[in-house]
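Each value in this text was obtained by applying a stated rule to the coordinates, not by laboratory testing. Since the structure is predicted, the reported quantities are computational estimates derived from the model, not experimental observations. Cβ coordinates were reconstructed from backbone atoms using ideal geometry, including for glycine residues, and neighbour counts include every protein chain displayed.
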């Protein structure tokens, strides 16, 4: 349960970091350059998610699978899982907001 909670919190953190990243790259005039890169341009949120896991030195997957061969694999898999949790986070926020709206109407 704690692992799921930490993944959802990391998805919230990724949602907070991405607007800051976009603003910094737009201010530094790097946004057009990044968007032209073949693979990175269309998956920049995934790249930021992996960098976020690396910077925070998290190891979420090792709780489930044990340690992997190399530490970079754990970082990449954790970053991909955090990126994949963004739709789950959005669904939870929508579910909570609909529930609270229903409570106000009653």
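Report yes if residue 42 is outside any helix (DSSP H, G or I), without any contact (Cβ under 8 Å) to a residue 12 or more places away in the chain and in contact with a helix residue (DSSP H, G or I) (Cβ under 9 Å, 6 or more places away or on another chain), otherwise no. Before you say what the answer is, go through the steps one by one.
Values: outside any helix (DSSP H, G or I): yes; without any contact (Cβ under 8 Å) to a residue 12 or more places away in the chain: yes; in contact with a helix residue (DSSP H, G or I) (Cβ under 9 Å, 6 or more places away or on another chain): yes.
Against the criterion (outside any helix (DSSP H, G or I), without any contact (Cβ under 8 Å) to a residue 12 or more places away in the chain and in contact with a helix residue (DSSP H, G or I) (Cβ under 9 Å, 6 or more places away or on another chain)), residue 42 qualifies.
Return the total of residues in the stretch 61-95 being in a helix (DSSP H, G or I) and in contact (Cβ under 8 Å) with a residue 24 or more places away in the chain. Total meeting the criteria: 14.
Within the stretch 8-28, no residue satisfies the criterion of being crowded, with 16+ Cβ neighbours inside 10 Å and outside any helix (DSSP H, G or I).
Quick one: is residue 57 surrounded by fewer than 16 Cβ atoms within 10 Å (Cβ to Cβ) and at positive phi? Show your work before the answer.
Working: surrounded by fewer than 16 Cβ atoms within 10 Å (Cβ to Cβ): yes; at positive phi: yes.
It is true that residue 57 is surrounded by fewer than 16 Cβ atoms within 10 Å (Cβ to Cβ) and at positive phi.
Could you tell me which numbered condition residue 58 fails, if it satisfies all but one of (1) under 14 Å from the mean Cα position of the chain (by Cα); (2) closer than 20 Å to residue 2 by Cα; (3) part of a helix (DSSP H, G or I); (4) free of Cβ contacts under 8 Å to residues at least 60 places away in the same chain? So the condition that residue 58 fails would be (3).
Among the residues of the stretch 29-39, how many are assigned to a loop (DSSP other than H, G, I, E, B) and surrounded by fewer than 10 Cβ atoms within 10 Å (Cβ to Cβ)? Before you say what the answer is, go through the steps one by one.
Filtering the stretch 29-39 for residues assigned to a loop (DSSP other than H, G, I, E, B) gives 29-30, 37-39.
Applying the additional criterion that residues be surrounded by fewer than 10 Cβ atoms within 10 Å (Cβ to Cβ) yields 29, 38-39.
Within the stretch 29-39, residues that are assigned to a loop (DSSP other than H, G, I, E, B) and surrounded by fewer than 10 Cβ atoms within 10 Å (Cβ to Cβ) number 3.
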